[in-house]
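K.L.:
I'd like to ask you about the structure that follows.
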Amino acid sequence: MRYASLCLALLWAQVDPKADNLIRNSRKRLKSMEYMTVQFSYVMENRADTTQKRIVRSGTFRYRPKQNKFVVDIGDIAILSDGKTVWQFLKKEKEVNISKYDPKEGFSIERLFRIYEEDMKVRLDKTETYKGRTVHKISLFPISDVTDYFRVEVWIDSQTELPQRMRISNRDGTVVEYELKSYDTQAIPDSAFVFDTSKHPGVKVIDLR
């Protein structure tokens, strides 16, 4: 048992230089983008509890990474943040909930990009073709064992160096997979990250700050 543990420790001590370089370049590429608009879809399922319903959604993600400003629109729900405040707009109910921004409680896709920036052990699994493009599949493992997730898999486009797919495997059995369909770097006005009640007459405001 001790021998197996020692072998595992030695294995992780060996850095996978190619995977490390691919991740570093991808992170650098993302950090260079002042604005980002991404069309995405995601699938969430609990593999430990098959009685839970599989969730499939799609939407648009607008982001200013350096300022923690984001907008997520998934049809009947829109979540906006200016880096200090979060507005969760329930369109059908015509209700908006206001709370303080907490990076630990960020919406899943916004949190996804923050997880991608964390220090982790990396391993290049394979290089393959995905939707006609060459991508590198890399597994990332958190250094800390107190994270909600135990593995992140990312498929990086060999030409753009941007993640095309990401899969998070959580310790509770929940697996969330994202497909990032496009990246647009056009400027986004600051007003887009703030909920304007004047544009939504009759909306019920619930301030939870």
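The values are calculated or read from the model by the stated rules, or taken from the named source; none is laboratory data. Quick caveat: nothing in here was measured; it's all calculated off a predicted structure. With ideal geometry, Cβ positions are generated from the backbone for all residues, glycine too; neighbour counts draw on all protein chains shown.
K.L.:
Only one of these conditions is not met by Ser81: (1) in contact (Cβ under 8 Å) with a residue 12 or more places away in the chain; (2) of a type in the set (S, T, N, Q); (3) touching a Ser or Thr at 6+ places or on another chain (Cβ under 9 Å). Which number is it?
P.N.:
Result: Ser81 passes all but (3).
K.L.:
State all residues of the stretch 38-59 that are out of contact with any Ser or Thr (no Cβ under 7 Å at 6 or more places or on another chain) and either hydroxyl-bearing (Ser, Thr, Tyr) or in a loop (DSSP other than H, G, I, E, B) (or both); if no residue qualifies, say none.
P.N.:
Tyr42, Arg47, Ala48, Asp49, Thr50, Thr51, Gln52, Lys53, Arg54
K.L.:
So, one more: Under 6 Å by Cβ, and 6 or more places apart or on different chains, what pairs join a residue from the stretch 118-136 that is under 11 Å from Ser158 (Cα atoms) and at pLDDT 95 or above with one that is surrounded by 14 or more Cβ atoms within 10 Å (Cβ to Cβ) and among the acidic types (Asp, Glu)?
P.N.:
Taking only residues 6 or more apart or on different chains, the pairs are Val135/Asp157.
K.L.:
Here are Arg64, Arg111, Arg167: which of them is touching a residue at least 24 places away in the same chain (Cβ under 8 Å), among the basic types (Lys, Arg) and closer than 26 Å to Asn25 by Cβ?
P.N.:
Working: Arg111 fails: touching a residue at least 24 places away in the same chain (Cβ under 8 Å); Arg167 fails: touching a residue at least 24 places away in the same chain (Cβ under 8 Å).
None of the others qualify; the one that does is Arg64.
K.L.:
So which residues in the stretch 99-115 are at pLDDT 85 or above and surrounded by fewer than 12 Cβ atoms within 10 Å (Cβ to Cβ), if there are any at all?
P.N.:
Of the stretch 99-115, the ones at pLDDT 85 or above are 99-101.
Within the stretch 99-115, just Lys100 meets the criteria.
K.L.:
Ok, one more. Can you spot a residue in the stretch 153-162 that is farther than 16 Å from Tyr63 by Cα, exposed (fewer than 11 other Cβ atoms within 10 Å of the Cβ) and touching a strand residue (DSSP E or B) at 6+ places or on another chain (Cβ under 9 Å)?
P.N.:
For the stretch 153-162, residues farther than 16 Å from Tyr63 by Cα, exposed (fewer than 11 other Cβ atoms within 10 Å of the Cβ) and touching a strand residue (DSSP E or B) at 6+ places or on another chain (Cβ under 9 Å): present.
K.L.:
So, one more: Look at Val71 and say whether it is within 14 Å of Phe193 (Cα to Cα), in a strand (DSSP E or B), aliphatic (A, V, I, L, M) and in contact with a Leu (Cβ under 6 Å, 6 or more places away or on another chain).
P.N.:
So Val71 passes the test.
K.L.:
Moving on. Take the stretch 102-127 and flag every residue that is more than 18 Å from Tyr178 (Cβ to Cβ), in contact with a helix residue (DSSP H, G or I) (Cβ under 9 Å, 6 or more places away or on another chain) and not β-branched (Val, Ile, Thr). Lay out the reasoning, then the answer.
P.N.:
First, the residues of the stretch 102-127 that are more than 18 Å from Tyr178 (Cβ to Cβ): 102-105, 119, 121-124, 126-127.
Within this subset, residues satisfying the condition of being in contact with a helix residue (DSSP H, G or I) (Cβ under 9 Å, 6 or more places away or on another chain) are 103-105, 121-124.
If the condition is that a residue be more than 18 Å from Tyr178 (Cβ to Cβ), in contact with a helix residue (DSSP H, G or I) (Cβ under 9 Å, 6 or more places away or on another chain) and not β-branched (Val, Ile, Thr), then Pro103, Lys104, Glu105, Lys121, Arg123, Leu124 are the ones that fit.
Residues are listed down the side, and each one gets a yes or a no for (1) over 16 Å from Val38 (Cβ atoms); (2) out of contact with any helix residue (DSSP H, G or I) (no Cβ under 8 Å at 6 or more places or on another chain):
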{"residue": "Thr129", "(1), (2)": "yes, yes"}
{"residue": "Thr147", "(1), (2)": "yes, yes"}
{"residue": "Val152", "(1), (2)": "yes, no"}
{"residue": "Asn170", "(1), (2)": "yes, yes"}
{"residue": "Glu179", "(1), (2)": "no, yes"}
{"residue": "His200", "(1), (2)": "yes, yes"}
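K.L.:
Still on this structure: In the stretch 116-130, what count of residues is obtained for those that are outside any strand (DSSP E or B) and surrounded by fewer than 18 Cβ atoms within 10 Å (Cβ to Cβ)? Walk me through it before giving the result.
P.N.:
Pass one, the stretch 116-130, residues outside any strand (DSSP E or B): 116-119.
Keeping just the survivors that are surrounded by fewer than 18 Cβ atoms within 10 Å (Cβ to Cβ) gives 117-119.
Result for the stretch 116-130: 3.
K.L.:
Here is a further query. Out of everything in the stretch 43-72 that is of a type in the set (D, E, K, R) and surrounded by fewer than 16 Cβ atoms within 10 Å (Cβ to Cβ), what residue ends up being nearest to Arg114 (Cα to Cα)? So that I can check it myself, show each step before the final result.
P.N.:
First pass over the stretch 43-72, keeping only residues of a type in the set (D, E, K, R): 45, 47, 49, 53-54, 57, 62, 64, 66, 69.
Checking which are surrounded by fewer than 16 Cβ atoms within 10 Å (Cβ to Cβ) leaves us with 47, 49, 53-54, 57, 66.
Working: Arg47: 24, Asp49: 27, Lys53: 27, Arg54: 24, Arg57: 20, Lys66: 11 Å.
Filtering first and then ranking leaves Lys66.
K.L.:
Is it the case that some residue within the stretch 51-72 is touching a helix residue (DSSP H, G or I) at 6+ places or on another chain (Cβ under 9 Å) and of a type in the set (A, V, I, L, M)? Let's see the steps before the verdict.
P.N.:
The first filter runs over the stretch 51-72 and keeps only residues touching a helix residue (DSSP H, G or I) at 6+ places or on another chain (Cβ under 9 Å), leaving 59, 61-72.
Adding the requirement that they be of a type in the set (A, V, I, L, M) leaves 71-72.
Yes, that holds for at least one residue.
K.L.:
If you scan the stretch 172-193, which residues turn out to be touching a Ser or Thr at 6+ places or on another chain (Cβ under 8 Å) and not polar (S, T, N, Q)?
P.N.:
Val175, Val176, Tyr178, Glu179, Lys181, Tyr183, Asp184, Ile188, Phe193
K.L.:
Mind listing just one residue for me: the one in the stretch 76-103 that is part of a strand (DSSP E or B) and among the charged types (D, E, K, R) and, of those, nearest to the chain's Cα centre (by Cα)? Before the answer, list the steps.
P.N.:
Keep residues of the stretch 76-103 that are part of a strand (DSSP E or B), which gives 77-81, 85-90, 95-100.
Filter again for among the charged types (D, E, K, R), leaving 95, 100.
Numbers: Glu95: 26, Lys100: 20 Å.
Going through the qualifying residues, I end up with Lys100.
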